[in-house]
1. Would you work out the Kirkwood radius for the stretch 12-147? I mean one over the mean of 1/r across all pairs of different Cα atoms, in Å.
2. GNM, the chain, Cα, under 10 Å: largest mean-square fluctuation among 149, 124, 55?
3. Only counting other Cβ atoms within 10 Å, I'd like 161, 216, 46 sorted with the fewest neighbours first.
4. Go ahead and estimate [θ] at 222 nm for the chain from helices alone: -39,500 (n - 2.57) per DSSP H run with n ≥ 4, summed, over the residue count, rounded to 500.
5. Given Cα pairs under 8 Å that are at least 6 residues apart, what percent is the relative contact order of the stretch 3-227?
6. Expressed as a whole percent, how much of the Cα-Cα distance distribution for the chain exceeds 21 Å?
7. Could you line up 39, 31 from fewest to most neighbouring Cβ atoms inside 10 Å?
8. Give the separation of the Cα centroids, the stretch 104-151 to the stretch 181-220, in Å.
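Laboratory data are not the source of any read-out in this text; all were calculated from the coordinates shown. As the structure is a computational prediction, the values presented were derived from the model and not from experiment. In this analysis, Cβ positions are derived from the backbone assuming ideal geometry, glycine residues included, and neighbour counts consider all displayed protein chains.
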C-alpha cells in the first residue's frame, strides 16, 4: 500500500466505529458507549497521518488541531455512562478547553485586521444568543453562570469560523463554519436533555449524529486550512 493512502486505514476504522456508535444509540444498548472512546483518537490519527504525509505535523496549527481533538476525546470519555455531576462538569470542561484550541487555530487566521465594529456586533449577537438559549432551555441556579460561559465559547467558535467564511469565501471556511454550528446544535441537545426533556432518539442518535458530523467537518476543514487548500 502506498504511504500516501495510509490515512485511509484510520479513516475506515473511524467510519466503522461511528456507524456502530450510531447504531448502538438507536437500539439503546451498551454498544454506543463501548466504541465511543475510540472515535476521536481515530479521527485525530486520520488527520495527523494525512498531514504528516503532506505538509507535516510539526507546525503550530497541526499541534493546535491535535490538542483540540484529544480534549474532545477526554470530554467523550468523561461523559460515558454516568449521570454524576462531577463527571458531567469534567466532560464539559474538557470540551471547553478543546474549543479554545479550535478557536486559537481558526481565529488566528480569520481575525487578523478585523474592524472594531465587527467585534462589537459579534459580542452583542453572542450575548443575545446565549441569553436566549439559557432561557429557552431553562437553565437556572448555580449552573447558569458556567453554562453561559460555555455557551459564549461556542458562539466564539462560530464567530472564528464564520468570519473566515465571510472574508475569504472558500469551501474550507464554510466547512469549518458548518462544523462549529453543528457542534453548537449537538451541545444544545445535551443541555436540553440535561435540564429539560428530550426524546430517546434525539437524546442518543441526535446528539451523537450531530456531534460526529461536527467533528468530521472541523477535521476536514482544519486539514484543508493547514494544507492551504
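1. On the way: mean 1/r = 0.0571 Å⁻¹.
Averaging 1/r across every pair of different Cα atoms and inverting gives 17.5 Å.
2. Highest fluctuation among the options: 124.
3. Working: 161 30, 216 20, 46 25.
Listed from fewest to most nearby Cβ atoms, that is 216, 46, 161.
4. Dividing the helical sum by the residues of the chain leaves -27500 deg cm²/dmol.
5. Details: 257 pairs, mean separation 44.0, N = 225.
Averaging sequence separation for qualifying contacts and normalising by length gives 20 percent for the stretch 3-227.
6. Values: 14600 of 26106 pairs.
That fraction is 56 percent.
7. Details: 39 24, 31 16.
With the fewest neighbours first, 39, 31 line up as 31, 39.
8. Each part reduced to its Cα centre gives a spacing of 19 Å.
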